[in-house]
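All remarks here apply to the structure that follows.
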């Protein structure tokens, strides 16, 4: 559906773009292009919008399309009723929000029987209009109401007639769009969320007993916590407005209540009844829903950021890894995988209590390390992890294996072990061995392994079970898709579970790709994808640029250059007098290429595309993830009981929420660095300071052994800034100092060149 210009302008403002960018992006989306494809290969069309902006345009476009469709339904319904005026139609056409549209539609919306509808059925509409008009022409209210008394209609006396009229007036007031908008604004700006406990005794919600916080500023995590407490019947909460009298007076003023008129008292009575019985509960319900929606969006945003950081954790790479799923009584499960993640061998060792057979366990470990040339040992961080880690560390001492050991977050490994994907991949392996296998692969490539697990099982969410599950699933799916396409997928080694997230590929086509690979051998070129069942030209366009083929026939098939741009690269190679294969990775020659020449020669190719091609030629198939690093846990700290106040430790951030960050410090229980302890300055959003996977130094503030809670601080562990204080002039360096610094740098470059056998450049 083509939207009106004003909606395009609204979308542009919200997405930080301009209307033409929005129009072109919507056109691409409508044609079936995926967001990763548009963000990566249509930068010149969109004006270099990133995937978040494109997703926002997609969402807001959907919202306004739904608004326009709903607007059409509303107009048709009111027109069919014979109630559509030019003024009302104009107001409806001006609506930019669904809530304002529904406010205008409310008086005409078919509704269940209410006190007002019953009064209308009894013929009391004219009397209600008299109350609204406060006109004394017909006499006193009681005298006029006498004419409506009819026991057969259920109007036994004057009081019943006036009461029915007031019910009609109350409903008219409650359905007044301007009144509703004003009260909604008042509650959003001045209202408060108030909560209280419903049960005696200590609970985890004690801090919310007698709680009060403005609607406008309450953080999402507190709102979600209150809602969870209410759902568990531990808390009750309400949306309160202290200035209710002021709001009622505003309505009185709008309807020009005349206190001196005998009709004015009935109108004032109806307005008060409308506010208490109809208007406030209705708007409060809306505000509750808005708060829930806002809290959900914020919680989902935090989840998205954490998930992205987790999925993009640095990989150890294509090395042989031995994974260990630690345990006490049942022993430690061991699985070895080769550089591609292929399962090689499994074993069970008992280096921990109660058996503590370290001699035999060490012998088994050494045999596996030697047999498979293992480069790394990955130890899950669950039960018995520290004990197992120490055993591995000791076993690797004074050996010539050259392997290193590292603790790996095993959250969700058990979920994978029992999943359909795990059974499909390894039907003959025991569930516990699959867990060790997953731990090993996580070290090699976190992204490739974690995509097999429901993101909600990865422990990086905030009140994830309380938010809108449909929105959560959609958002997390987008995040996974974005991460997979940002890194790229190795076509000949990837699993179906990873391949299915590639731009343009469905689950079915991803399975067809795997089947084709198994039946015909490794892909030699991207163009071979066109031989896959169900994969046509359109799908090829969307997916090809994100798929990599090591050792492919065409050198660009292992890069992020899209096949549609191969011709441009060939022209570049011709320009400098070499082949494409010689050009790829040749920094000196790539830098010599005049991109402006191609901008003029190939009008449909713009600067953004050419810059991306250049970047790929300089570093073909580059991995955007950081280099791998492991935390260094203190050897004298194994359990929570070993912690002492003031102790300095290093840990790995496992989750970031609006109220702080959780950190694994190697004691089987994550500690919390509250937002107030994250930095020496005020922190509004913890995600701006730390992210999942970060290695940080912390200090122990407090340890609660009974509740297994650890309070940490990062403040004293942050290096003192070397920047000069604000407002002071930086001292100018002397020429001698600058020259000496340049000489030192030159010497470092010479040393590095000599170390790597190269020359200074």
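From the list 117, 85, which residue is surrounded by fewer than 13 Cβ atoms within 10 Å (Cβ to Cβ) and over 43 Å from the mean Cα position of the chain (by Cα)?
Numbers: 117 fails: surrounded by fewer than 13 Cβ atoms within 10 Å (Cβ to Cβ).
Of 117, 85, the one residue that is surrounded by fewer than 13 Cβ atoms within 10 Å (Cβ to Cβ) and over 43 Å from the mean Cα position of the chain (by Cα) is 85.
What are the pairs, 6+ residues apart or on separate chains, where a residue within the stretch 284-295 that is without any contact (Cβ under 8 Å) to a residue 60 or more places away in the chain has its Cβ under 8 Å from a residue that is surrounded by 17 or more Cβ atoms within 10 Å (Cβ to Cβ) and outside any helix (DSSP H, G or I)?
That search, which allows pairs on different chains as well, returns 288/239.
Only one of these conditions is not met by residue 410: (1) part of a helix (DSSP H, G or I); (2) crowded, with 23+ Cβ neighbours inside 10 Å; (3) in the same structural domain as residue 368 (by TED's automatic domain parsing). Which number is it?
Single failed check for residue 410: (1).
When you scan the stretch 518-558, how many residues do you find that are within 13 Å of residue 488 (Cα to Cα), at pLDDT 95 or above and part of a loop (DSSP other than H, G, I, E, B)?
Qualifying residue count for the region: 1.
Looking at the structure I just gave you, is residue 33 touching a residue at least 60 places away in the same chain (Cβ under 8 Å), under 29 Å from residue 608 (Cβ atoms) and under 26 Å from the mean Cα position of the chain (by Cα)?
It is true that residue 33 is touching a residue at least 60 places away in the same chain (Cβ under 8 Å), under 29 Å from residue 608 (Cβ atoms) and under 26 Å from the mean Cα position of the chain (by Cα).
Taking the conditions exactly as written (over 30 Å from residue 172 (Cα atoms), under 24 Å from the mean Cα position of the chain (by Cα) and surrounded by fewer than 15 Cβ atoms within 10 Å (Cβ to Cβ)), does residue 62 satisfy them or not?
Considered against the rule, which asks whether it is over 30 Å from residue 172 (Cα atoms), under 24 Å from the mean Cα position of the chain (by Cα) and surrounded by fewer than 15 Cβ atoms within 10 Å (Cβ to Cβ), residue 62 comes out as yes.
Answer yes or no: is there a residue in the stretch 323-332 that is farther than 23 Å from residue 431 by Cβ and not in a helix (DSSP H, G or I).
no
Filter the stretch 589-613 for residues that are within 23 Å of residue 482 (Cβ to Cβ) and without any contact (Cβ under 8 Å) to a residue 40 or more places away in the chain and give the result.
Listed by number, the list holds a single entry, 611.
Give the stretch 391-407 a look and list any residue that's in a helix (DSSP H, G or I) and surrounded by fewer than 20 Cβ atoms within 10 Å (Cβ to Cβ), or say none.
393, 394, 396
Could you list, in sequence order, the residues of the stretch 654-673 that are free of Cβ contacts under 8 Å to residues at least 60 places away in the same chain and surrounded by fewer than 17 Cβ atoms within 10 Å (Cβ to Cβ)?
669, the sole residue that qualifies.
Among the residues of the stretch 88-104, is there at least one that is under 30 Å from residue 561 (Cβ atoms), at pLDDT 95 or above and not in a helix (DSSP H, G or I)? Can you show your working first?
Step one: list which residues in the stretch 88-104 are under 30 Å from residue 561 (Cβ atoms), which gives none.
Within the stretch 88-104, none of the residues are under 30 Å from residue 561 (Cβ atoms), at pLDDT 95 or above and not in a helix (DSSP H, G or I).
Exactly one condition in (1) in contact with a helix residue (DSSP H, G or I) (Cβ under 8 Å, 6 or more places away or on another chain); (2) surrounded by fewer than 17 Cβ atoms within 10 Å (Cβ to Cβ) is not met by residue 167; state its number.
Residue 167 satisfies every listed condition except (2).
Considering only the stretch 367-390, state which residues are assigned to a helix (DSSP H, G or I) and exposed (fewer than 15 other Cβ atoms within 10 Å of the Cβ).
Hits for the stretch 367-390 are 367, 370, 371.
Residue by residue through the stretch 640-653, note down the ones that are surrounded by fewer than 14 Cβ atoms within 10 Å (Cβ to Cβ) and either under 33 Å from the mean Cα position of the chain (by Cα) or under 23 Å from residue 487 (Cα atoms) (or both).
Result: 648, single match.
Suppose we filter the stretch 277-313 for residues that are in contact with a helix residue (DSSP H, G or I) (Cβ under 8 Å, 6 or more places away or on another chain) and over 30 Å from residue 193 (Cβ atoms); how many remain?
5
Quick one: count up the residues across the stretch 205-226 that are buried (at least 20 other Cβ atoms within 10 Å of the Cβ) and more than 13 Å from residue 194 (Cβ to Cβ).
Selection size over the stretch 205-226: 4.
For residue 272, all conditions in the list (1) in contact with a helix residue (DSSP H, G or I) (Cβ under 8 Å, 6 or more places away or on another chain); (2) without any contact (Cβ under 8 Å) to a residue 40 or more places away in the chain; (3) assigned to a loop (DSSP other than H, G, I, E, B); (4) within 30 Å of residue 97 (Cβ to Cβ) hold save one; what is the number of the exception?
Unmet for residue 272, out of (1) in contact with a helix residue (DSSP H, G or I) (Cβ under 8 Å, 6 or more places away or on another chain); (2) without any contact (Cβ under 8 Å) to a residue 40 or more places away in the chain; (3) assigned to a loop (DSSP other than H, G, I, E, B); (4) within 30 Å of residue 97 (Cβ to Cβ): (3).
Picking from 677, 582, 627, which residue would you name as being touching a residue at least 12 places away in the same chain (Cβ under 8 Å) and surrounded by fewer than 18 Cβ atoms within 10 Å (Cβ to Cβ)?
627
Please tell me if residue 351 is assigned to a loop (DSSP other than H, G, I, E, B) and buried (at least 19 other Cβ atoms within 10 Å of the Cβ).
Numbers: assigned to a loop (DSSP other than H, G, I, E, B): yes; buried (at least 19 other Cβ atoms within 10 Å of the Cβ): yes.
Taking the combined requirement at face value, the residue satisfies it.
Output yes when any residue across the stretch 457-472 is under 13 Å from residue 325 (Cβ atoms), assigned to a loop (DSSP other than H, G, I, E, B) and in contact with a strand residue (DSSP E or B) (Cβ under 9 Å, 6 or more places away or on another chain), and no when none is.
no
State whether one or more residues within the stretch 301-313 are in a loop (DSSP other than H, G, I, E, B), touching a residue at least 40 places away in the same chain (Cβ under 8 Å), farther than 30 Å from residue 350 by Cβ and within 39 Å of the chain's Cα centre (by Cα).
Yes, there is a match, as at least one residue in the stretch 301-313 is in a loop (DSSP other than H, G, I, E, B), touching a residue at least 40 places away in the same chain (Cβ under 8 Å), farther than 30 Å from residue 350 by Cβ and within 39 Å of the chain's Cα centre (by Cα).
The values are calculated or read from the model by the stated rules, or taken from the named source; none is laboratory data. Owing to the predicted nature of the structure, the values given are computational and were not obtained by experimental measurement. Note: ideal-geometry Cβ built from the backbone for every residue, glycine included; neighbour counts use all protein chains shown.
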